[in-house]
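The values are calculated or read from the model by the stated rules, or taken from the named source; none is laboratory data. Not measured: the values here are computed from a predicted model. Quick reminder, even Gly has a Cβ in these numbers, built from the backbone with ideal geometry, and neighbours come from all protein chains shown.
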Amino acid sequence: MDIYNYIKKDHRKVEDLMEQVVIAADGATRLRLFNEIKNELTIHAKSEEETFYKAVLDATRSKAVEHKMEHANEEHDEIEAFLQKVSGLSADSDQWLLHFGELKHAVMHHVEEEEGEIFEKAKTYLSADQARKLAKEMGALKKEMMAGA
């Protein structure tokens with residue numbers, strides 16, 4: 001598996017969890033799912049930045065690509081801020097649902113840009129062999145992070 005499919009697999013998992021939150025009947029279920037989403041997103045973002053983003057930045061000298069990677073990092077920070085905001089609220093409240101919706105929108109926007117623009121650019125800089133190696137590196141780093149969590 002290459003890094004692109006590995007990241008897409010992570011994205012689909014979080015999207016599925018978010019859909020489960022939307023249809024969840026009670027706050028306890030929402031909270032359980034949200035905590036899983038928070039863990040997935042946090043580990044995904046950190047491991048992605050340390051492997052995939054770093055490799056793309058190391059391989060390019062393009063200011064446009066550097067700008068896209070910077071923007072992606074800023075989106076990770078924005079998502080982290082939404083995670084913190086939602087964490088501080090009762091999962092039974094309307095405010096929780098409102099802020100969760102904002103989080104979901106931010107995640108979906110980021111996924112769309114990453115799977116479109118960033119993957120397209122990365123494929124011009126990373127070889128197929130590098131892409132497979134990065135998937136293994138990101139997987140190993142995620143396992144290490146989960147073990148330490």
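Among the residues making up the stretch 88-115, those that are free of Cβ contacts under 8 Å to residues at least 12 places away in the same chain and within 14 Å of the chain's Cα centre (by Cα) are HIS105, GLU112. Filtering the stretch 104-149 to residues that are within 22 Å of THR42 (Cβ to Cβ) and either of a type in the set (Lys, Arg) or touching a strand residue (DSSP E or B) at 6+ places or on another chain (Cβ under 7 Å) (or both) leaves LYS104, LYS136, LYS142, LYS143. Applying the set (1) free of Cβ contacts under 8 Å to residues at least 24 places away in the same chain; (2) surrounded by 15 or more Cβ atoms within 10 Å (Cβ to Cβ); (3) within 18 Å of LEU141 (Cα to Cα); (4) not polar (S, T, N, Q) to LEU57 leaves exactly one unmet item: (3).
One residue alone among ALA131, ALA122, ALA64 is over 26 Å from GLU19 (Cα atoms), in contact with a helix residue (DSSP H, G or I) (Cβ under 9 Å, 6 or more places away or on another chain) and loosely packed, with under 12 Cβ neighbours inside 10 Å, and that residue is ALA64. Within the stretch 67-113, the set of residues being surrounded by 15 or more Cβ atoms within 10 Å (Cβ to Cβ) and touching a Gly at 6+ places or on another chain (Cβ under 7 Å) comprises ALA91 only.
Reported count of residues in the stretch 11-48, each being of a type in the set (Asp, Glu) and buried (at least 19 other Cβ atoms within 10 Å of the Cβ), is 1.
Residue-wise test of (1) in a helix (DSSP H, G or I); (2) at pLDDT below 95; (3) charged (D, E, K, R).
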site: ARG12; (1), (2), (3): yes, no, yes
site: ASP16; (1), (2), (3): yes, no, yes
site: GLU19; (1), (2), (3): yes, no, yes
site: VAL22; (1), (2), (3): yes, yes, no
site: LEU31; (1), (2), (3): yes, no, no
site: PHE34; (1), (2), (3): yes, no, no
site: ILE37; (1), (2), (3): yes, no, no
site: SER47; (1), (2), (3): yes, no, no
site: ASP58; (1), (2), (3): yes, yes, yes
